[in-house]
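Colleague: First the structure, then my questions, so here it is.
The values are calculated or read from the model by the stated rules, or taken from the named source; none is laboratory data. In this text the structure is predicted, and so the values were computed from the model without any measurement. Backbone-built Cβ (ideal geometry, glycine too); neighbour counts: all protein chains shown. Side chains are part of the model used for accessible areas, which takes the heavy atoms of the whole protein and leaves out ligands, DNA and RNA. Shrake-Rupley method; radii C 1.70, N 1.55, O 1.52, S 1.80 Å.
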Amino acid sequence: QVQLVESGGGLVQPGGSLRLSCAASGSIFSIGSMGWYRQGPGNTRDLVATITDELRTNYADSVKGRFTISRDNAKSTVFLQMNNLKPEDTAVYYCNAAIRTNSGYYSHDFWGQGTQVTVSS
């Protein structure tokens, strides 16, 4: 079994910062791309940022220059540093990873349980 466990969400004022973490654990052979997605009330789950195993990054236009994605391959962990947060960043943030398990041949997408980020004064 594979688990993705997120942490770091919370309530922050506009202009503030938060750092999300997501650690993968379990029967893991390898991890490819990792990323963060978010879903606001009544909205679809949208891409925020991704990072490949070669550390190539991709960001949604709405977060470029404010958010930074990084990863620690030794710890199977991905991070999202969020600066200059805005009320429109309020959402549940989900971690995603493409993981090949020890018992599998192909990679599959795994998701975390989500962590709430609320930006409000």
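Colleague: Going through the range 23-70 one residue at a time, which ones are of a type in the set (A, V, I, L, M) and open to solvent by 50 Å² or more (accessible area, probe 1.4 Å)?
Modeller: If the condition is that a residue be of a type in the set (A, V, I, L, M) and open to solvent by 50 Å² or more (accessible area, probe 1.4 Å), then Leu47, Leu55 are the ones that fit.
Colleague: Is it fair to say Val92 is open to solvent by less than 30 Å² (accessible area, probe 1.4 Å) and closer than 12 Å to Leu20 by Cβ?
Modeller: The answer is no for Val92.
Colleague: I would also like to ask the following. Report, by residue number, each residue of the range 97-119 that is in contact with a Ser or Thr (Cβ under 7 Å, 6 or more places away or on another chain) and surrounded by fewer than 11 Cβ atoms within 10 Å (Cβ to Cβ).
Modeller: Within the range 97-119, Asn102, Ser103 meet the criteria.
Colleague: Which residue pairs have Cβ atoms under 8 Å apart, sit 6 or more places apart or on different chains, and have a first residue in the range 68-91 that is closer than 22 Å to Asn43 by Cα and a second that is open to solvent by 40 Å² or more (accessible area, probe 1.4 Å) and in a helix (DSSP H, G or I)?
Modeller: Glu88/Ser62
Colleague: Sticking with this structure for a sec: Scan the range 1-20 for residues that are open to solvent by 80 Å² or more (accessible area, probe 1.4 Å) and under 19 Å from Ile31 (Cα atoms) and jot them down.
Modeller: Those that are open to solvent by 80 Å² or more (accessible area, probe 1.4 Å) and under 19 Å from Ile31 (Cα atoms): Gln1, Gln3.
Colleague: Any chance you could count how many residues in the range 27-70 are within 14 Å of Ala98 (Cβ to Cβ) and either of a type in the set (Asp, Glu) or touching a Cys at 6+ places or on another chain (Cβ under 9 Å) (or both)?
Modeller: 6
Colleague: Within the range 70-89, which residues are within 16 Å of Thr115 (Cα to Cα) and in a strand (DSSP E or B)?
Modeller: Within the range 70-89, Thr77, Val78, Phe79, Leu80, Gln81, Met82 meet the criteria.
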